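Reviewing the structure listed below.
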Amino acid sequence: MHTQTFSANKFGTAVSFEDTAVAFAMKTDAQLYQSYLLFKSINYNWLVNMGTGLVQWGLKVGLPIKGLLKATLFKQFCGGESINDCEAVIRQMAKFGVGAILDYSVEGEKTEAGFDKTRQETIATIHYAAQHRTEIPFCVFKVTGLAPFRLLEKVSASMKGEGLPLLPSELKTFERVRERIDEICRTAAENNVRIFIDGEETWIQDAIDALAYEMMEKYNRKQAIVYNTYQMYTTDRMEKLRQARALAVRQGFYLGAKLVRGAYMEKERARAAQMGYPDPIQPNKEACDRDFNEALKFCIDNKQRIALCAGTHNEDSCYFLTALMEKYNIKPNDPDVYFAQLYGMSDNISFNLAKAGYNVAKYLPYGPVEAVMPYLFRRAQENTSVAGQSSREFLLVQRELQRRKGKR
């Protein structure tokens, strides 16, 4: 599969993602070697698949493996178990111009008490961010941390005219969901802290979109505070983005748009095949890359109405966005254009962009080790399923280790 490569020199930008000294300046030799061993392991699909199963089983039966997990996967991809645990990482990244996106990564809650706990924790991240504005440019939440999954599924189906109408008890539960989300977004607006609503599975996304636009209409009147997420690996997101911009113009609010490729591809395809509906995922990588870059251009073309965060580990898309910014004379530090990557991945992109003066932030997940495991399993699977991702991470770390060894 061939993808067009955007060269930094071709566009006259000063950005290069090859400088490993910049990429890993934050890491000690020991930390770098730990990353080397982890990505070397993740390179083996069979080891990831077997290890994921064993860890899930071990946690279920109560094996004392928390310490091992905390020292390996958790340490690579998470900031800690609490906001306070994350402080050291937040301060360290800030020294290199990279912000943190505090992400309470507990998902799939099933009780009202659990949903309320997630609401309280998300509000706590907003208050913390308000006191550390330069270090924490965004907060984030998943609607599945605040609402029953099946209810979101039923609401989404009813919005398409499918399935049964909501029962009075379900309407009452959904109203509580709306109240939780409204409290979070209101707190963000009152504290002038921007907040992402993460994208999730396609069969619950319509409900999430509706809630996101309802919040934008309330709180994005003067600037983009609330951002919705567009997973461009689905075939309909480019059109949904256009519709969202049209809605923002009609209703008089600013659209916050976080673009990502997506995180549920295998699950989406399996469900579509099982239930006999068209696969919602792009047919190939070229189609996904095309839509992602088209969405970047659409957001920049409509910058007077759209605030953009490009959440991507794809180097070509990052080069493409820097080229667009140069073309339209948008300063690298324009507050309405951000790049974002996940903590523990693609440091070559994040830290080199930050050094060149661009706005960059890392998703920094935190939460109890056991509760964050679904997130960590997705990161491990993502590194094996995305062509060359773990190999790329491994080779960059290996190159930096060799560079440091040569200096001695």
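A single member of Y227, Y328 is touching a strand residue (DSSP E or B) at 6+ places or on another chain (Cβ under 9 Å) and either within 30 Å of E393 (Cα to Cα) or not aliphatic (A, V, I, L, M) (or both), and it is Y227. Do we find that D301 is under 25 Å from V98 (Cβ atoms) and either in contact with a His (Cβ under 8 Å, 6 or more places away or on another chain) or open to solvent by 10 Å² or more (accessible area, probe 1.4 Å) (or both) in this structure? Taking the combined requirement at face value, the residue does not satisfy it. Among the residues of the stretch 297-323, those that are outside any strand (DSSP E or B) and of a type in the set (A, V, I, L, M, F, W, C) comprise F298, C299, I300, C318, F320, L321, A323. Restricting attention to the stretch 249-272, the residues being basic (K, R) and either assigned to a loop (DSSP other than H, G, I, E, B) or on the phi > 0 side of the Ramachandran plot (or both) number 1. When E294 is tested against (1) outside any helix (DSSP H, G or I); (2) over 21 Å from P365 (Cβ atoms); (3) open to solvent by 10 Å² or more (accessible area, probe 1.4 Å), just one condition goes unmet, and that condition is (1). Can you find a residue in the stretch 212-228 that is among the charged types (D, E, K, R), out of contact with any Ser or Thr (no Cβ under 8 Å at 6 or more places or on another chain), closer than 30 Å to E135 by Cα and assigned to a loop (DSSP other than H, G, I, E, B)? Looking through the stretch 212-228, at least one residue is among the charged types (D, E, K, R), out of contact with any Ser or Thr (no Cβ under 8 Å at 6 or more places or on another chain), closer than 30 Å to E135 by Cα and assigned to a loop (DSSP other than H, G, I, E, B).
A quick yes/no check of all residues on (1) in contact with a Pro (Cβ under 7 Å, 6 or more places away or on another chain); (2) free of Cβ contacts under 8 Å to residues at least 40 places away in the same chain; (3) within 25 Å of Q398 (Cα to Cα):
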| position | (1), (2), (3) |
| --- | --- |
| D291 | no, no, no |
| C299 | no, no, no |
| R305 | no, no, no |
| Y319 | no, no, yes |
| L324 | no, yes, no |
| N348 | no, no, yes |
| Y363 | no, no, yes |
| Y375 | yes, no, no |
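Counting the residues of the stretch 210-223 that are open to solvent by less than 10 Å² (accessible area, probe 1.4 Å) and touching a residue at least 24 places away in the same chain (Cβ under 8 Å) gives 4. Residues in the stretch 278-289 that are farther than 16 Å from T229 by Cβ and in contact (Cβ under 8 Å) with a residue 60 or more places away in the chain: N284, K285, E286, D289.
Candidates are the residues of the stretch 134-152 that are open to solvent by 10 Å² or more (accessible area, probe 1.4 Å) and free of Cβ contacts under 8 Å to residues at least 60 places away in the same chain; the one that is nearest to A371 (Cα to Cα) is K142. Of everything listed in (1) of a type outside the set (G, A, S); (2) open to solvent by 10 Å² or more (accessible area, probe 1.4 Å); (3) within 19 Å of the chain's Cα centre (by Cα), the single unmet condition for Q120 is (3). Among residues that are within 17 Å of K258 (Cα to Cα) and of a type in the set (F, W, Y), F320 is included. Within the stretch 172-185, residues that are among the aliphatic types (A, V, I, L, M) reach partners that are open to solvent by 10 Å² or more (accessible area, probe 1.4 Å) with beta carbons closer than 8 Å, at six or more positions or on different chains, in the pairs V177/L151; I184/R119; I184/I123.
The values are calculated or read from the model by the stated rules, or taken from the named source; none is laboratory data. Treat the numbers as computed from the prediction; the structure is a model and nothing was measured. Here Cβ is always computed from backbone atoms with ideal geometry, including for glycine, and neighbour counts include all displayed protein chains. Accessible surface is based on the protein model in full, side chains and every heavy atom, while ligands, DNA and RNA are left aside. Shrake-Rupley method; radii C 1.70, N 1.55, O 1.52, S 1.80 Å.
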